[in-house]
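> Handing you this structure, nothing more for now.
The values are calculated or read from the model by the stated rules, or taken from the named source; none is laboratory data. Model, not experiment: these values are computed from the prediction. Here the Cβ positions follow ideal geometry from the backbone for every residue, glycine too, while neighbour counts run over all protein chains shown.
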Amino acid sequence: MAVPDFILTLRESIGTAPLWLSGVTAVVERGDDLLMVRRSDTGEWTPVTGIIDPGEHPADAAVREVLEEADLHVVPVRLAALGVTEGIVYGNGDQASYLDHTFLMRWQSGDPSPADGENTEARWFPRGDLPPMTADMRARVDAALSGDPSAQFVVAGEVRRGEHPA
């Protein structure tokens, strides 16, 4: 996975110590289909995900990540969920947790392809026939597709509606 330059600079100072980062998940819809990508690092199918650059608006980051990873032009529809990931330890020992902003996005143009090497596949799936994914990713997709105009709280792979997770 491509690591943003600002994280590489931080890692020079802090080594593999835990980082608290902001990220996005882009659940892209085109009619009754949803975009899924197969990650090159884990082989799992997920919506497009990525890290927000310093000073970047989360919705802009979601648009950028979809273009970079799947070669699609999209527009944000709404913030669907806000969640915190469990701690992750990468193969090189780097540690991170993410404040995830899940957006429902609408396809504008383009044909999906794994554009930047972070994914091995990018394609549309019917909503009723999505590939297997982790409980956390499924909760993000469910929040995006819920139709609820307010953002949901995603905690440990579970969408909590109308209540703060604490």
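> Considering each residue of the stretch 82-92, count those that are farther than 18 Å from residue 4 by Cβ and part of a loop (DSSP other than H, G, I, E, B), and give that number.
Result for the stretch 82-92: 2.
> Can you tell me how many residues in the stretch 42-59 are touching a residue at least 60 places away in the same chain (Cβ under 8 Å) and outside any strand (DSSP E or B)?
Adding up the residues that qualify gives 3.
> Restricting attention to the stretch 110-157, and to residues there that are in a strand (DSSP E or B), closer than 14 Å to residue 81 by Cα and in contact with a helix residue (DSSP H, G or I) (Cβ under 6 Å, 6 or more places away or on another chain), which single residue is modelled with the lowest pLDDT?
Taking the candidates together, the pick is 154.
> Give the residue that is modelled with the highest pLDDT, with candidates limited to residues of the stretch 83-107 that are under 12 Å from the mean Cα position of the chain (by Cα) and of a type in the set (Ser, Thr, Tyr).
This residue is 102.
> Something else now. Looking at the structure I just gave you, is residue 59 modelled with pLDDT of 95 or more, among the small types (Gly, Ala, Ser) and out of contact with any Asp or Glu (no Cβ under 9 Å at 6 or more places or on another chain)?
yes
> Residues in the stretch 109-129: is at least one under 30 Å from residue 18 (Cβ atoms), out of contact with any Phe, Trp or Tyr (no Cβ under 9 Å at 6 or more places or on another chain) and free of Cβ contacts under 8 Å to residues at least 40 places away in the same chain?
No.
> Residue check, residue 62 against (1) over 22 Å from residue 131 (Cα atoms); (2) assigned to a helix (DSSP H, G or I); (3) in contact with a His (Cβ under 9 Å, 6 or more places away or on another chain), all met but one. Which one?
Single failed check for residue 62: (1).
> I need a count of the residues in the stretch 32-52 that are surrounded by 15 or more Cβ atoms within 10 Å (Cβ to Cβ) and either on the phi > 0 side of the Ramachandran plot or not aliphatic (A, V, I, L, M) (or both).
The total comes to 8.
> Taking the stretch 15-31 as the region of interest, how many residues are assigned to a strand (DSSP E or B) and exposed (fewer than 13 other Cβ atoms within 10 Å of the Cβ)?
1
> Can you tell me how many residues in the stretch 107-122 are in contact with an Asp or Glu (Cβ under 9 Å, 6 or more places away or on another chain) and surrounded by 13 or more Cβ atoms within 10 Å (Cβ to Cβ)?
10
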